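The next block holds one structure in the form of structure tokens; read it before the comments.
The values are calculated or read from the model by the stated rules, or taken from the named source; none is laboratory data. None of these values were measured; they are calculated from a predicted model. Cβ atoms come from the backbone with ideal geometry, glycine included; neighbour counts cover every protein chain shown. These accessible areas exclude ligands, DNA and RNA; they are computed on the full protein's heavy atoms, side chains included. Shrake-Rupley method; radii C 1.70, N 1.55, O 1.52, S 1.80 Å.
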Amino acid sequence: MTKNYQTNMIQRAISYWKLHRIPILMVLLSSLFYISFGYHLDRTDFVKLLSLYLALFFLCYKLIQFEKWNFKFLAITGTLFRLILLFTEPNLSQDFYRFIWDGQLINNGMSPYLHLPKDLIIQNGQLMHNSAELVSGMGSLSASNYSNYPPLNQFIFAMSTWLSGKSVVGSVLVMRTVIILSDLGILYFGRKLLQKLNRSTHLIFWYFLNPLVILELTGNLHFEGVMLFFFIWAMYLLCNKKWLLAGIVYALSISIKLVPLLFLPLFLKYFGFKKSMLFYAVVGITTVLLVLPFYSPDFADNYMQTVGLWFSNFEFNAGLYNAIKKAAVNFGSKPWELIKDYGKITPIIVIASVSLITFFRDNKKISSVLTSMLWVLTLYYFLSATVHPWYIIFLVLLSLFTEFRFPMVWSLSIILSYWAYSNEGFTENYWLLFVEYITVYGFMTYEIVRLHNKKLLFSKN
């Protein structure tokens, strides 16, 4: 009996290999590339970084092409790629030092919204375990500002440092586990939402196998994936008419990253006025309850001051802003004054655009709401002076539920922005940024024209 069972297993393995040998070899090759990316890459080596990323993106495309209806194979593959990076230290971002600092601060009974790291180091010296290492690792910019991470994110930081026993490696491992579990949740609810919207379920693997998603979330410990888990769960609940629970879950998404706040007006037509007010109340009450443990008279001012820096002080990988800055400087404007003025105008344009999309698009179905969200967030990032690569992961996920694929193109071309890390001054190469954005604008324009010709671009009220 045992011998027959073993023989059958061997025969099945041989048969499976014959049917799937090319995808299996691509998985093995991708695994080697992820090992090289995670454990043997210096971020100043732009040529190696770019080569590995392009190879991984190509293999991602081919894997989906070969096995798009083999859910189990692709799900295991995406999980494997994440587990490969489980024990590596983030090599393209230093934000994790701030995450650990905030978590240890909370565990010591102090609020990260009320204390600057640089001040605590001066006043208290070795305040916490690895204090000097954490402040040095996060960099002077982060150490000079209050935390900008919302309350639920802070709870995760605190849990990670508490469970790790003050070990940096242990904290990274706990946070990475949370991010991987969140991605598995996105795979689960994203697939179910695609089914509800009568769309091909294999599309979710353009998120789950996307190298940008794997490297920036699992690899570099950005919490967009946790935000997106709650967001996509909330959208699925709305599809099932469970709007009360959806409001609570949506608030959890906002309490990881603030981005979903942009989309709240879009639910006005979907629910109607009365029901939307109740939905907003649920979101608002849940959000307030999460904020309460951190509330103090200075909380709001400090938090808004830090968030405001993204509009008026920081620049990275900007599209339209760089074009305007280049023209303005030629006419004698000073860059440090321009970004402050630009930062005041951008929110007004975004709010006006959200209002137009809210009232002039037919947002009575979840599919329409998701498309509207895609355009709101696209406009916001096109206008923004700071667009880190992991920001557009939200666009990648949203696009799966629409007719547009330009965010996929952006998830490929945005790797060019990492040229800035290849030099000590972190100066950007504007020719590379031009290639990045012209590729995205060009493909987006092509899709708009194509859908307009098919009469699929706009839904009438």
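Looking only at the stretch 59-78, which residues are among the polar types (S, T, N, Q) and under 23 Å from the mean Cα position of the chain (by Cα)?
Of everything in the stretch 59-78, just one residue is among the polar types (S, T, N, Q) and under 23 Å from the mean Cα position of the chain (by Cα), namely T77.
S372: of a type in the set (G, A, S) and either farther than 28 Å from I351 by Cβ or within 21 Å of the chain's Cα centre (by Cα) (or both), yes or no?
Answer is yes for this residue.
For the stretch 372-386, name all the residues that are of a type in the set (V, I, T) and either open to solvent by 20 Å² or more (accessible area, probe 1.4 Å) or touching a strand residue (DSSP E or B) at 6+ places or on another chain (Cβ under 6 Å) (or both).
Passing the criteria: only T386.
Touching a Phe, Trp or Tyr at 6+ places or on another chain (Cβ under 8 Å), on the phi < 0 side of the Ramachandran plot, acidic (D, E) and modelled with pLDDT under 95, is that true of D102?
yes
Would you confirm whether any residue within the stretch 419-433 is open to solvent by 40 Å² or more (accessible area, probe 1.4 Å), more than 30 Å from F46 (Cβ to Cβ) and more than 18 Å from the chain's Cα centre (by Cα)?
No.
In the set T439, T358, T402, T445, which member is free of Cβ contacts under 8 Å to residues at least 40 places away in the same chain, among the polar types (S, T, N, Q) and open to solvent by less than 40 Å² (accessible area, probe 1.4 Å)?
T402
Output the residue which, of all residues in the stretch 231-249 that are open to solvent by less than 30 Å² (accessible area, probe 1.4 Å) and within 16 Å of the chain's Cα centre (by Cα), is farthest from M277 (Cα to Cα).
Residue satisfying both the conditions and the ranking: I232.
Give me the residue from the stretch 87-107 that is out of contact with any Asp or Glu (no Cβ under 9 Å at 6 or more places or on another chain) and part of a loop (DSSP other than H, G, I, E, B) and, out of that set, surrounded by the most Cβ atoms within 10 Å (Cβ to Cβ).
Going through the qualifying residues, I end up with P90.
Conditions tested, residue by residue: (1) in contact (Cβ under 8 Å) with a residue 40 or more places away in the chain; (2) closer than 19 Å to Y391 by Cα.
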| residue | (1), (2) |
| --- | --- |
| Y188 | no, no |
| R191 | yes, no |
| Y207 | yes, yes |
| L244 | no, no |
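Are any residues in the stretch 142-183 open to solvent by 20 Å² or more (accessible area, probe 1.4 Å), more than 23 Å from R82 (Cβ to Cβ) and of a type outside the set (D, E, K, R), and if so, which ones?
Within the stretch 142-183, S142, S144, N145, Y146, N148, W162, G165 qualify.
Enumerate the pairs (first residue in the stretch 132-149 and without any contact (Cβ under 8 Å) to a residue 60 or more places away in the chain and closer than 13 Å to Y97 by Cβ; second residue anywhere and among the basic types (K, R) and part of a helix (DSSP H, G or I)) with beta-carbon separation below 6 Å, excluding pairs fewer than 6 apart on the same chain, so at least 6 apart or on different chains.
From residues that are without any contact (Cβ under 8 Å) to a residue 60 or more places away in the chain and closer than 13 Å to Y97 by Cβ, the pairs are M138/R98; S142/R98; A143/K118.
Let's see how each residue does on (1) closer than 24 Å to V291 by Cα; (2) modelled with pLDDT under 95; (3) under 17 Å from the mean Cα position of the chain (by Cα); (4) not basic (K, R):
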| site | (1), (2), (3), (4) |
| --- | --- |
| F155 | yes, no, no, yes |
| V169 | no, yes, no, yes |
| G190 | no, no, yes, yes |
| I214 | no, no, yes, yes |
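Please go through the stretch 291-322 and pick out each residue that is open to solvent by less than 80 Å² (accessible area, probe 1.4 Å) and either over 25 Å from the mean Cα position of the chain (by Cα) or more than 26 Å from I392 (Cα to Cα) (or both).
Across the stretch 291-322, the qualifying residues are V291, F294, S296, F299, A300, N302.
Out of the stretch 1-39, which residues are among the β-branched types (V, I, T) and more than 16 Å from C60 (Cα to Cα)?
T2, T7, I10, I14
Give the residue, chosen from L59, L114, L32, that is modelled with pLDDT of 95 or more and open to solvent by 50 Å² or more (accessible area, probe 1.4 Å).
Result: L32 is the single residue among L59, L114, L32 that is modelled with pLDDT of 95 or more and open to solvent by 50 Å² or more (accessible area, probe 1.4 Å).
What about T79, is it part of a helix (DSSP H, G or I) and open to solvent by 30 Å² or more (accessible area, probe 1.4 Å)?
yes
Find the residue count for the stretch 35-47, including only residues that are open to solvent by less than 60 Å² (accessible area, probe 1.4 Å) and either more than 12 Å from N91 (Cβ to Cβ) or without any contact (Cβ under 8 Å) to a residue 24 or more places away in the chain (or both).
Residues flagged as open to solvent by less than 60 Å² (accessible area, probe 1.4 Å) and either more than 12 Å from N91 (Cβ to Cβ) or without any contact (Cβ under 8 Å) to a residue 24 or more places away in the chain (or both) within the stretch 35-47 amount to 2.
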